[in-house]
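The values are calculated or read from the model by the stated rules, or taken from the named source; none is laboratory data. Only a predicted model underlies this, so the values are computations on that prediction, with no experimental measurement involved. Here the Cβ is made from the backbone with ideal geometry for all residues, glycine too, and neighbour counts use every protein chain on show.
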Amino acid sequence: MKKILALVLVLCMLVVLAACAQNNEDKKGTETTVTDMIGREVTVIPGSYKRVVCIGAGALRMYSYIGDVSILCGVEDIDNTSLTERPKMFDSVARPYVLAFGETFKTLASCGVGGPNAQSAEAEKILYCNPDIVISEYEDADKENALQAQLGVPVITLKSGSNGVFADEFKRSMKLLGNIFGKEDKANTLVDFIEKETADIQTRTKDIADSEKPSVYICGLGNWGTTNHLMTSENYMPFTIVNVKNAVSGLGIKGIGAIETEKFVSIGENVDIMIIDTAAVKNIKPLYAQDNTMFDTCKAWKDGEVYIQMAYNAYYTNYELALANAWYVAKVVYPDKFEDIDMTQKLNEITNAFLGKELASEIYACSGSFGGYKKIDTATFFG
């Protein structure tokens, strides 16, 4: 009898040990190889990561859309607003991911300074954070491979593409994050939302004849320190989505770039609507103070058809604001087709889809947002 009891106990112990082993194996997950957004093949264990660091312009923002912010173990100084010594050039304008999760970021160790002047990863600081995976937007494959070897954990590089939130690269980055962190449904839902929003705008404007399209000038895009009324783009994707006539189309501007003052003057009489990105206001104001005739040749300025949109770039692209800006352009240029759209409601809908929070009031409250989307009285605004 004792022998039988002992055998039963041994068998029970074996069953328990087997169950524990299986449980540990389930937690470990299955290794798989993914291809990141610059073509590197990296071995990962989807859904297993508990300590995450994001480095480079836009990486933390992208991760915040899909990943669990509570498992971050480090943050760049630029995103930790509790620090005194840190890059502060973006503090006046909205970065919705910081508005949404800034309190969490304040509690985290530094994984590097971050900001436009940070041209490479700070491996020692990253090691101090002890991550089990790194999400990066440094796009040099050799350096990413070297960093991965030094850290001993996967380094996954994201990329958004030249068309930002509307680009296939951005959507694939979202799905890559979803795959790695076991958030496939969340990633697919966000991508579906972006595509639905884009299709809605396009459906409303696709049949507008060229003769009915106002000529629109967008300015204030590009590099944070230099952007002003001359910084524009002839391939501004929100204009393409909205089916807008771009005032600088055909001028040979590659990506985002500055036009000459003479060229700005020459197109001025044909500009029906001017939209100024709020990122440029800080640079335009002193120029206007020096010469308040600088816009006198611009038809939109004289007609009072000048509007502000929320900052498109602030430590790389604000993707949710880029989508909201497209809606705002559509509403400004084709008011009859978008009279049902309230920008505050639309912005809340978009930030909720991206970040799980309605942030319109917080975005508008940023000093560099100047109260939100609106037509401006130029004499008062810049005077």
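Go through (1) assigned to a helix (DSSP H, G or I); (2) under 30 Å from SER136 (Cβ atoms); (3) in contact (Cβ under 8 Å) with a residue 12 or more places away in the chain one by one and return the number of the condition LYS357 breaks.
(1)
Please find, among VAL216, VAL281, VAL248, the residue that is assigned by TED's automatic domain parsing to the domain that holds GLU320, of a type in the set (A, V, I, L, M) and part of a helix (DSSP H, G or I).
On inspection, the qualifying residue turns out to be VAL281.
Across the stretch 93-128, what is the number of residues that are acidic (Asp, Glu) and in a helix (DSSP H, G or I)?
Number satisfying all stated conditions: 2.
Could you tell me whether ALA365 is surrounded by fewer than 24 Cβ atoms within 10 Å (Cβ to Cβ) and either under 16 Å from the mean Cα position of the chain (by Cα) or free of Cβ contacts under 8 Å to residues at least 24 places away in the same chain (or both)?
Yes; evaluated as a whole, the condition is true for this residue.
Any residue in the stretch 235-251 that's surrounded by fewer than 23 Cβ atoms within 10 Å (Cβ to Cβ): show its pairings with residues that are assigned to a loop (DSSP other than H, G, I, E, B) and charged (D, E, K, R) at Cβ separation under 8 Å, as long as the two are six or more apart or on different chains.
ASN243/LYS206; ASN243/LYS213; LYS245/LYS213; ASN246/GLU234; SER249/GLU234; GLY250/GLU234; LEU251/GLU234
Restricting attention to the stretch 165-196, report how many residues are among the charged types (D, E, K, R), touching a Lys or Arg at 6+ places or on another chain (Cβ under 9 Å) and either crowded, with 21+ Cβ neighbours inside 10 Å or in contact (Cβ under 8 Å) with a residue 40 or more places away in the chain (or both).
2
Could you please find all residues in the stretch 30-74 being farther than 30 Å from TYR312 by Cα and among the acidic types (Asp, Glu)?
Matches in the stretch 30-74: GLU31, GLU41.
Is it fair to say VAL34 is crowded, with 17+ Cβ neighbours inside 10 Å, at pLDDT 95 or above and part of a strand (DSSP E or B)?
It is false that VAL34 is crowded, with 17+ Cβ neighbours inside 10 Å, at pLDDT 95 or above and part of a strand (DSSP E or B).
Go through the stretch 99-136 and count every residue that is basic (Lys, Arg) and either within 23 Å of ASN179 (Cβ to Cβ) or surrounded by fewer than 18 Cβ atoms within 10 Å (Cβ to Cβ) (or both).
Selection size over the stretch 99-136: 1.
Looking only at the stretch 220-243, how many residues end up being over 19 Å from the mean Cα position of the chain (by Cα), at pLDDT below 95 and hydrophobic (A, V, I, L, M, F, W, C)?
2
When the residues of the stretch 215-234 are filtered to those that are small (Gly, Ala, Ser) and touching a helix residue (DSSP H, G or I) at 6+ places or on another chain (Cβ under 6 Å), which remaining residue is surrounded by the most Cβ atoms within 10 Å (Cβ to Cβ)?
Selected residue: GLY220.
Give the residues of the stretch 151-164 that are of a type outside the set (A, V, I, L, M) and either buried (at least 16 other Cβ atoms within 10 Å of the Cβ) or farther than 24 Å from TYR312 by Cβ (or both), sorted by residue number.
Passing the criteria: GLY152, PRO154, THR157, LYS159, SER160, GLY161, ASN163, GLY164.
Here's the yes/no breakdown for (1) surrounded by fewer than 19 Cβ atoms within 10 Å (Cβ to Cβ); (2) touching a Gly at 6+ places or on another chain (Cβ under 9 Å); (3) of a type outside the set (Ser, Thr, Tyr):
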position: ALA279; (1), (2), (3): no, yes, yes
position: ILE284; (1), (2), (3): no, yes, yes
position: ASP296; (1), (2), (3): yes, yes, yes
position: ASP303; (1), (2), (3): yes, no, yes
position: ALA314; (1), (2), (3): no, yes, yes
position: LEU321; (1), (2), (3): no, no, yes
position: VAL333; (1), (2), (3): no, no, yes
position: LEU355; (1), (2), (3): no, no, yes
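Residue-wise test of (1) modelled with pLDDT under 95; (2) within 17 Å of LYS175 (Cα to Cα); (3) in contact with a Ser or Thr (Cβ under 9 Å, 6 or more places away or on another chain).
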| residue | (1), (2), (3) |
| --- | --- |
| PRO116 | yes, no, no |
| TYR128 | no, no, yes |
| PRO131 | no, no, no |
| ILE135 | no, yes, yes |
| GLU139 | yes, no, yes |
| ASN145 | no, no, no |
| GLN148 | no, no, no |
| GLY152 | no, no, no |
| LEU158 | no, yes, yes |
